[in-house]
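Report on the following structure.
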Amino acid sequence: MELQKANTVYKTEDYEMFKKMKHNRYVREQHVQKLKKSMKERYYHIPLVVTKDFEIADGQNRFEAIKSLGLPVYFIVLENITVKDVKKMNMNQEGWSRKEWAESYKSEGLTNYVYYLNIRKEFKVSHTVALALLANHTDDIIMLRDLFVQGSLFVEDYELARKTAIKLRACRETFKGWRKANFVYPMIYLLKQTPKKYDHERFLAKLKVAPTLLINELSLSQRKTDIINAIEKIYNNRVVTGAKVRLPVDW
């Protein structure tokens, strides 16, 4: 078998020659500490990937650990690599966290990612719930996830997303699962209905006095129809039969 040399691996102890690549993900101190612990046990010479200007495209956490321990840096130079290339690599490898994607796009001036980070920080919701709130729909969560990593995060109306989240948060005293996707998704749909079809103040009032059995049913429901039925039972609790309301289920 004939082997061919591809990229030259260089070695240096001159840490000052390396620079951070603009818009690349930030250094995570917790990860750096884990790397340092591992490197103290055994230092594998895995090379950094840098540009011709010695900007670190891949391995910035490793670099910080190496520098802190005073170890030599091994690196290869890919002259034309860009942060866009780095994102594509990590898109395939699942290397970046959602926050790192958002912070990177935020640094490029994409306002929608500022909104995403704000929603997640203020309401402590999951990634997919934040996407659904910002898009104000749940029609295709997979598509929303793809748009997120591609730099095309969809935001219908940021203030509307906050108002929706605030209305959902109003449920927290009685219902601990107010941030879960299986509750948020139908509520996004219901909150878009006219007051005649769905009155959120009525739901909040009923939720406060709902029997534990109904709260538990809402917590445990997974299927769309079951979730709507559980919400509907609370909505109509202690209401005479003729005055009960059927909630819309087309979501």
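See the values below:
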read-out: Some residue of the stretch 96-111 being farther than 29 Å from Gln33 by Cβ and under 16 Å from the mean Cα position of the chain (by Cα); value: yes
read-out: Unmet requirement for Asn136, which otherwise passes all of (1) crowded, with 18+ Cβ neighbours inside 10 Å; (2) out of contact with any His (no Cβ under 7 Å at 6 or more places or on another chain); (3) not β-branched (Val, Ile, Thr); value: (1)
read-out: Selection status of Ala165, aliphatic (A, V, I, L, M), in the same structural domain as Glu122 (by TED's automatic domain parsing) and surrounded by 15 or more Cβ atoms within 10 Å (Cβ to Cβ); value: yes
read-out: Among residues of the stretch 1-58, those that are crowded, with 17+ Cβ neighbours inside 10 Å and in a loop (DSSP other than H, G, I, E, B), counted; value: 7
read-out: Search result, residues across the stretch 59-76 that are surrounded by fewer than 18 Cβ atoms within 10 Å (Cβ to Cβ) and of a type in the set (A, V, I, L, M, F, W, C); value: Leu69, Leu71, Ile76
read-out: Test: residue in the stretch 159-169 that is touching a helix residue (DSSP H, G or I) at 6+ places or on another chain (Cβ under 9 Å) and polar (S, T, N, Q); value: yes
read-out: Unique match (being crowded, with 19+ Cβ neighbours inside 10 Å, among the basic types (Lys, Arg) and over 21 Å from Val129 (Cα atoms)) among Lys197, Lys206, Lys244, Lys233; value: Lys206
read-out: Answer from Leu153, Leu160 - the residue that is closer than 17 Å to Tyr116 by Cβ and modelled with pLDDT under 95; value: Leu153
read-out: Residues that are closer than 19 Å to Arg169 by Cβ, hydrophobic (A, V, I, L, M, F, W, C) and outside any helix (DSSP H, G or I), drawn from the stretch 104-158; value: Val125
read-out: Criterion (in contact (Cβ under 8 Å) with a residue 12 or more places away in the chain and closer than 15 Å to Pro248 by Cβ) met by exactly one of Leu190, Leu168; value: Leu190
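The values are calculated or read from the model by the stated rules, or taken from the named source; none is laboratory data. Quick caveat: nothing in here was measured; it's all calculated off a predicted structure. Cβ: placed from backbone, ideal geometry, glycine included. Neighbour counts: every protein chain shown.
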